[in-house]
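Worksheet for the structure shown next.
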Amino acid sequence: MDNCREILADGLAFLGLDTDAEKLELLLRFITLIEKWNKAYNLTAIRDNAEMARLHILDSLAILPHLHGKRLIDIGTGAGLPGIPLAIFRPDMEFVLLDSNAKKTRFVQQAILELKLKNACVIHSRVESYQPSEKFDSVTCRAFASMSDILKLTAHLLNKDGMLLAMKGQQPDEELAGLKNKYQIVPIVVPNVAAERCLVCISAGTENC
């Protein structure tokens, strides 16, 4: 894990994020948990922990400056991405991690317990079926669905000033062409990852990303 530690430390510095030793240890423990559970639960196709550090952890944390408000839901969280890395770095925010796959939510629940994340919880549900008692300031999703589907499925989750943050690879021009909603594209640079990344921000109010 020494190589992994170096990748994360360098990546956090590149992103201008806190390289606090405790947060770094939590990220490393999270990668170890994914590795352990991946064998039985098939959480991710990525098996190499160095690649997990780059393509999962740093990719998730690259959107940290764009989080909005104090209450966030991560739709289709899978192995807890981007939700768990974000929760580690924003202990002042409340995170709800939602997925319809029972095996994945079982893993996320265990990860939350083992990492002692008091600001995160997991929900096993389809997004359209989940009716929270309180709406959210931010909705995040990573490789979840097309933009039009994301908007339809998450509209009931955002409060009136909320922000949808959809993580995409290349700018999804075809998906965006049919949208009536105003949007902002934020280029995302992930250290030592050559593939294109962007964040599609759609505000329920008037604020930008």
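The values are calculated or read from the model by the stated rules, or taken from the named source; none is laboratory data. Bear in mind that the values here come from a model prediction, so they are computed numbers and not experimental data. For neighbour counting, all protein chains shown are included, and Cβ atoms are generated from backbone atoms with ideal geometry for every residue, glycine included.
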Of the residues in region 1-25, how many are in a helix (DSSP H, G or I) and surrounded by fewer than 19 Cβ atoms within 10 Å (Cβ to Cβ)?
13
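Only one residue in Val139, Val186, Val127, Val193 is under 24 Å from Ile31 (Cβ atoms) and touching a Leu at 6+ places or on another chain (Cβ under 7 Å). Which one? Give the steps one after another, and end with the answer.
Numbers: Val139 fails: under 24 Å from Ile31 (Cβ atoms); Val186 fails: under 24 Å from Ile31 (Cβ atoms); Val127 fails: under 24 Å from Ile31 (Cβ atoms).
Every option except Val193 fails the conditions.
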Looking only at residues in region 154-189 that are hydrophobic (A, V, I, L, M, F, W, C), touching a helix residue (DSSP H, G or I) at 6+ places or on another chain (Cβ under 7 Å) and surrounded by fewer than 19 Cβ atoms within 10 Å (Cβ to Cβ), which one is nearest to Cys201 (Cα to Cα)?
Val186
So Ile34 fits all but one of (1) within 14 Å of the chain's Cα centre (by Cα); (2) closer than 27 Å to Ser129 by Cβ; what number is the exception?
(1)
Under 8 Å between Cβ atoms, which residue pairs at least 6 apart in sequence (or on different chains) link something in region 101-125 that is in contact (Cβ under 8 Å) with a residue 24 or more places away in the chain and within 13 Å of Gly78 (Cα to Cα) with a partner that is in a helix (DSSP H, G or I) and of a type in the set (Ser, Thr, Tyr)?
Lys103/Tyr41; Lys104/Tyr41; Arg106/Tyr41; Phe107/Tyr41; Val122/Thr105; Ile123/Thr105; His124/Thr105
Restricting the search to region 26-51, which residues are assigned to a helix (DSSP H, G or I) and among the hydroxyl-bearing types (Ser, Thr, Tyr)?
Thr32, Tyr41
I need the full set of residues from region 26-50 which are modelled with pLDDT of 95 or more, β-branched (Val, Ile, Thr) and surrounded by fewer than 18 Cβ atoms within 10 Å (Cβ to Cβ), in order please.
Thr32
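Name the residues in region 65-88 that are surrounded by fewer than 19 Cβ atoms within 10 Å (Cβ to Cβ) and either touching a helix residue (DSSP H, G or I) at 6+ places or on another chain (Cβ under 7 Å) or over 20 Å from Ile150 (Cβ atoms) (or both), would you? Quick ask: steps written out before the conclusion?
Narrowing region 65-88 to residues surrounded by fewer than 19 Cβ atoms within 10 Å (Cβ to Cβ): 65-66, 69-71.
Those that are surrounded by fewer than 19 Cβ atoms within 10 Å (Cβ to Cβ) and either touching a helix residue (DSSP H, G or I) at 6+ places or on another chain (Cβ under 7 Å) or over 20 Å from Ile150 (Cβ atoms) (or both): Pro65, Lys70.
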Checking the condition more than 19 Å from Met1 (Cα to Cα) and in contact with an Asp or Glu (Cβ under 9 Å, 6 or more places away or on another chain), which residue from Asp99, Asp18 passes?
Asp99
Take the residues in region 130-153 that are out of contact with any helix residue (DSSP H, G or I) (no Cβ under 6 Å at 6 or more places or on another chain) and among the polar types (S, T, N, Q); name whichever of them is nearest to Ser203 (Cα to Cα).
Ser138
